[in-house]
Structure formats: structure tokens, C-alpha cells
Amino acid sequence: MERFEVTGGARLVGEVEVHGAKNSILKLMAAALLAPGRHCLGNVPAIADVSIMAELLIRLGCQVSHEESSLTLTIDVPEKLEHRADYDLVRKMRASINVLGPLLARLKTVEVALPGGDAIGSRGLDYHIKGLELLGAKIHLEHGYIIAEAPNGLSGADITLDFPSVGATENLMTAAVMAKGVTTIDNAAREPDVVDLGEFLVSMGAKIEGLGTPTLVIEGVSKLSPVDHVAIPDRIVTGTWAFAAAITQGDITIKNANASHLELPLEKLTSAGAVVTTTTEGLRVKMSRRPSAIDISTLPYPGFPTDLQPFAITL
């Protein structure tokens, strides 16, 4: 929902509503593979990446339906899944690699094509592979596919990430929740998307401590159950609208936003001269003057998000 008045000088004045975070939704969809039965995800908008992930899950044996009017996505996961994620879908979206952990945990064997998607740097899969190998998986690359096997199942391990990779943290977390014993992931990513995935897994029956901190402790369980879950609002979309208000000296109310996921960017906007207030429905950003200069360095969460850097430069 977007309602705007564009005033003289192209000021943006009005209100918008943000829906579920794309990255969070895609990881939740992949994690649903861990538990046979019907999962229901809320706050899911109709975007291309959701459709691609849905098609991938369907090819793995799931039934997926998306009620766009109610923002509800239903995933029926069968007892028996396919173990191969084909290239023609995986290449379209990097987040497809997140089926690697859940499929390995459930099936003990998985073949996932090397992912495509955006081309920001090399962003290799070393952290994913090294972590899964510590959990007991045997992994090799063959004809463009990652082939991972753990015939005797995965076992808990102590894993330290050289960099707090979001994707690696999530893949290792979804693999470890059904591993035998206890897994510790040090220097884990702390993004709200990671926390949302962890809370989804906990509601399914996983045992995870330390969500939102650099150290995750996961005690493996033998079985998980399907659940209903509402995805967190998209913090990058929220931040985009917040900076749009400041850039245009406008006044935007952002409904369904979570200000706690954007503490540093909102502090920077305040330093630049914007008035940021939280409301019962979300937050409001108003700018009445030319902005003051601010200093920004992008860093992993809770630092300033790289995705918001272009808007900070524009500001």
C-alpha cells in the first residue's frame, strides 16, 4: 500500500507499508524442508524471488500455494523429498543455496547447483562447505554441482567463521539443528533475518541459544514439526523509504516497520537533521531542512547496511 502526495520540489509526503523481508522469507521457505507437514508463512509479498523459490520447492516434492491478497504462503512438505536442486532455478537466485543445509540434514545426501543471482564480488561458498565438513559431511564439486553426503548423519562441532556470513550462518544453523550432539558457531551473523530464521526453527522444536549474538549454541534434535510463522518486515525497504523522506525533505509514515532493526541508520538520519518518531504502526521520518553532513562506514549488522549506502551518498 502506497499513498503519496508529491509537492513542489518533489517532496514525498504520505504513507507506505512494508511487507516481509525477502531474504528472511526465502530462508524460511528453505528451512521448511526440515519438517514434513504444512507450514504457513505470513507477510509474504508477490515478488519474483518468492516464485522462484516456490518452484524450487515444488521440484523437490513440496506443494506450494501463495494467497497474494492475504500475503500468505503455504508449504506442504512430504515425507520423501528429492535431493537435487537443478541449475536452471538455482542460477536465478543465490538464496537457493539455503536448501543445502536442510536437505543434507534430512536426506543425508544432496546435490545443489552452484548458485547465480547478483554478481557482487566473488562471495564464494567456502564458509558453507568448511562448516558442513566440520559437521561430518563429505563434499565435492562435480559438473557445476555441490554434492554433499553424510551417510551416518551429521554430528555437532565447534565452528568459527572467519567472517560473519549471513548465508553460511543460516545454512550451518539449519544443518546443525538435526545433528547429533551440540554445535557452536562463533562469529555468527547477527542480522534480524538470521534471528527470524532461528526463531522459526525454535518454534519447530529446535534448541538454539544465542540468537542475535556472535555465538550460537545448537543442540540437535531428532525431529521437527511444521508451524505457522510471520516473516519480519523488510528493513532495507524500510530504510529506503526513510532516506527518501530525508532526501526529498518530505514526510513519510512507514507502516509495519520495525525501528529496532535500523537503529544505526535512523541515528544517522537524525544526525543529518531528520525527525524520526516511532508509532504504534511503524515509524515516521520527516525532514524540514537541508541535511547536515554525516560520516558512514558500512559494516556487518548491527553496523550500517551496505544496501543503504547509495541512499546515504545521495543524501
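The values are calculated or read from the model by the stated rules, or taken from the named source; none is laboratory data. Given the structure is predicted, the values throughout are model-derived calculations rather than measurements. Here Cβ is always computed from backbone atoms with ideal geometry, including for glycine, and neighbour counts include all displayed protein chains. In case anyone asks, the SASA skips ligands and DNA or RNA and just uses the protein heavy atoms, side chains included. Shrake-Rupley method; radii C 1.70, N 1.55, O 1.52, S 1.80 Å.
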**Prompt:** Accessible area per residue, 1.4 Å probe, Å², for segment 49-105: what's the number?
**Reply:** 44
**Accessible surface, per residue, of segment 191-245 when the full set of protein chains is kept, probe 1.4 Å, Å²** = 38
**Item:** Cβ-placed point charges (K, R +1; D, E -1), dipole of segment 1-117 about Cα centre in debye, nearest 20
**Value:** 460
**Message:** In the chain, once you exclude exposed GluC sites (Glu not before Pro) (DSSP loop, at most 11 other Cβ within 10 angstrom), what's the longest stretch remaining?
**Reply:** 80-315
**Request:** Specify the angular offset, from 0 to 90 degrees and rounded to the nearest 10, of the alpha carbon long axis of helix 22-31 from the longest principal axis of the alpha carbons in the chain.
**Result:** 20
**Asked** With all protein chains present, how much of the accessible area of segment 38-129 (probe radius 1.4 Å) comes from carbon and sulfur, to the nearest whole percent?
**Response** 47
**Item:** Rough spin-label spacing in nm, given labels placed 7 Å along Cα→Cβ, for His143 and Thr160
**Value:** 4.0
**Request:** Grab the beta carbon distance between Glu281 and Thr215, set R0 = 25 Å, and tell me the FRET efficiency rounded to 0.05.
**Result:** 0.10
**Request:** Mind listing the long-range amide H neighbours of Thr160? Cut-off is under 5 Å, sequence gap 5 or more, other chains count too, H placed in the peptide plane at 1.01 Å from N.
**Result:** Asp186
**Complete:** Counting only DSSP loop positions in segment 189-271, the trypsin sites (Lys or Arg not before Pro) whose Cβ has at most 15 other Cβ atoms within 10 Å are Lys223
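So if we plug the beta-carbon distance of Ser288 and Ile47 into 1/(1 + (r/R0)^6) with R0 = 51 Å, what FRET efficiency do we get, rounded to 0.05?
Between Ser288 and Ile47 the formula returns 0.90.
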**Asked** How much net charge surrounds Ile313 when only other residues with a Cβ under 15 Å from its Cβ are counted (Lys, Arg +1; Asp, Glu -1)?
**Response** -1
**Request:** With only alpha-carbon atoms counted, please give the Rg and Dmax of segment 1-90, in Å.
**Result:** 17.0, 60
**Residue-by-residue Karplus 3J(HN,Hα) for segment 84-89, coefficients 6.51, -1.76, 1.60, Hz, glycine and proline x** = 10, 9, 6, 4, 4, 9
**Request:** Tabulate in residue order the Karplus-calculated ³J(HN,Hα) for segment 176-187, using 6.51 cos²θ - 1.76 cosθ + 1.60 with θ = phi - 60°, rounded to whole Hz; enter x for Gly and Pro.
**Result:** 6, 5, 10, 7, 6, x, 10, 10, 10, 10, 9, 6
**Prompt:** Between Arg84 and Lys207, what is the label-to-label distance in nm when each label sits 7 Å out along the Cα-to-Cβ direction?
**Reply:** 3.7
**Fill in**
Applied in sequence order to segment 32-46, the curve 6.51 cos²θ - 1.76 cosθ + 1.60 (Karplus, θ = phi - 60°) yields integer Hz couplings, x standing for Gly and Pro, of 4, 4, 5, 10, x, x, 9, 9, 10, 9, x, 6, 9, x, 8
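Using +1 on the beta carbon of Lys and Arg, -1 on that of Asp and Glu, and nothing else charged, what's the dipole of segment 185-315 about the Cα centre, debye to 20?
In debye, rounded to 20, segment 185-315 gives about 500.
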**Request:** Could you please report the charge total around Ile236, scoring K, R as +1 and D, E as -1 over all other residues with beta-carbon less than 12 angstrom from its beta-carbon?
**Result:** -2
**Message:** Using only the alpha-carbon atoms, how far is helix 263-272 inclined from the longest principal axis of the chain? Give it as 0 to 90 degrees, nearest 10.
**Reply:** 20
**Item:** Percentage relative contact order, the chain, counting C-alpha pairs under 8 Å, at least six apart
**Value:** 18
**Item:** segment 130-257 - share of DSSP beta bridges that are antiparallel (%, nearest 5)
**Value:** 75
**Fill in**
Once amide hydrogens are built 1.01 Å from N within the peptide plane, the residues lying 5 or more places from Thr72 or on another chain with amide H under 5 Å from its amide H are Val44, Glu67
**Message:** What do you get for trypsin sites (Lys or Arg not before Pro) in segment 42-104 restricted to DSSP loop and a cutoff of at most 11 other Cβ within 10 Å of the site's Cβ?
**Reply:** Lys80
**Request:** Once you have a ≥ b ≥ c as the square roots of the Cα gyration tensor eigenvalues for the chain, tell me rounded if a/c is under 1.5, and otherwise prolate or oblate according to whether a/b is larger than b/c.
**Result:** prolate
**Prompt:** Round to a whole number: what % of the accessible area of segment 219-315 belongs to carbon and sulfur, probe 1.4 Å?
**Reply:** 49
**Complete:** Residues meeting the amide H criterion for Val230 (H placed from the backbone, H to H distance under 5 Å, 5 or more places apart or on another chain) are Gly42
**Item:** the chain: antiparallel DSSP beta bridges as a percent of all, rounded to 5
**Value:** 75
**Listed peptides 245-253, 302-310, 224-232 by packing density, highest first (mean Cβ within 10 Å)** = 245-253, 224-232, 302-310
